[in-house]
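Let me begin by presenting the structure, written as structure tokens, before commenting on it.
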Amino acid sequence: MAGAPSPHDRPIAPHVSIWRWHVTMASSILHRVTGVGLYGAAICLAIWLIAAALGPEPYGFVDAVLSAWYGQLAMYLVVASLAYHLANGIRHLVFDTGAGLTPADADTSAWFAILFALAAPIGLWALLTFGG
Amino acid sequence: MSNSERSMRTPLGRVRAHGASGEGTGHFIAQRVTSIALVLLAPWFVVSVALAVRDASYLAAIDWISDPVNAVGVILLVAIGLYHMSIGMQEVIVDYILKPSTKMILLFLNAAVPLVLAVGAIFAVLLVNFGV
């Protein structure tokens, strides 16, 4: 880094404010956002398991949080985030083979990942309500 | 650089291991290998737990964790999932956090917190199964 300008002095491409939003850009940003969100979900998974091992009383606290409206909302978002990160992750594994990289294919698969994220929590809710 | 004309070393030999972090492909490959495992583990966990523990009750949770297949599956999910998320978050931290002290603290926490949670959660699964 010797001689390189500090990060504040470097020229910045005027990209974010003038770029038209397109679906592949949204899919890339969503992959990061859902990944960071799932970090919190994984922490909750660890707390759930530890609470179960601690006994009925500590578990009751976790149960109360999960059953409250904000717990239910969080679970909805976690399932949607997981579904998105899963679908888009598979999309990236396909990209790694060199396939699906044309703009038309990448747009189509990005829309598929987003629609899957919207459909998955509804599908899980339907499975719990009407099936099994 | 002044004696580079007299050096017997090849240009590749001189730049090797002098990249931004000295390494990189290890995490790149690990992120993809763990993602392939999570493609199977994450949907299994969500559907299996949602069907078995639908009212989030203590006994239903203990029953689910006590099944050997579920115990092995959830231990794999916690170990592989938290490793995957730690690599992912490390990438996010080095991308967005410029201040060296803040970056170092966050990288340390990102290494420590998932490790502690994974050990705690795996121990909890063993405790539920083998008791005290």
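For this structure, a couple of remarks:
- Residues in the range B:7-45 that are charged (D, E, K, R) and within 21 Å of the chain's Cα centre (by Cα) were compared, and the one that is modelled with the lowest pLDDT is B:23.
- So residue B:105, is it more than 10 Å from the chain's Cα centre (by Cα), crowded, with 19+ Cβ neighbours inside 10 Å and modelled with pLDDT of 95 or more: no
So that you can scan it fast, the table gives a plain yes or no per residue for (1) open to solvent by 30 Å² or more (accessible area, probe 1.4 Å); (2) within 16 Å of residue A:38 (Cα to Cα):
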| site | (1), (2) |
| --- | --- |
| A:88 | no, yes |
| A:91 | no, no |
| A:105 | yes, no |
| A:112 | yes, no |
| A:115 | yes, no |
| A:125 | yes, no |
| A:128 | yes, no |
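- Set A:60, A:98, A:71, A:55: member being farther than 21 Å from residue B:44 by Cβ, open to solvent by 40 Å² or more (accessible area, probe 1.4 Å) and of a type in the set (Gly, Ala, Ser): A:98
- Flag for residue B:72 being open to solvent by 30 Å² or more (accessible area, probe 1.4 Å), of a type outside the set (Phe, Trp, Tyr) and more than 23 Å from residue A:29 (Cα to Cα): yes
- Residue B:35 hydroxyl-bearing (Ser, Thr, Tyr) and touching a helix residue (DSSP H, G or I) at 6+ places or on another chain (Cβ under 7 Å): yes
- Selection count where residues are at the interface with chain A (Cβ under 10 Å from one of its Cβ atoms) and part of a helix (DSSP H, G or I), scope the range B:88-102: 6
- Matching residues in the range A:25-36 - criterion: being open to solvent by less than 30 Å² (accessible area, probe 1.4 Å) and more than 7 Å from chain B (Cβ to nearest Cβ): A:26, A:27, A:34
- Filtering A:70, A:59, A:39 for residues that are more than 26 Å from residue B:34 (Cβ to Cβ) and within 9 Å of chain B (Cβ to nearest Cβ) leaves a single hit, A:59.
The values are calculated or read from the model by the stated rules, or taken from the named source; none is laboratory data. Quantities reported herein were computed from a predicted structural model and do not represent experimental measurements. For neighbour counting, all protein chains shown are included, and Cβ atoms are generated from backbone atoms with ideal geometry for every residue, glycine included. We work out accessible area using only protein heavy atoms, side chains counted, and drop any ligands, DNA or RNA first. Shrake-Rupley method; radii C 1.70, N 1.55, O 1.52, S 1.80 Å.
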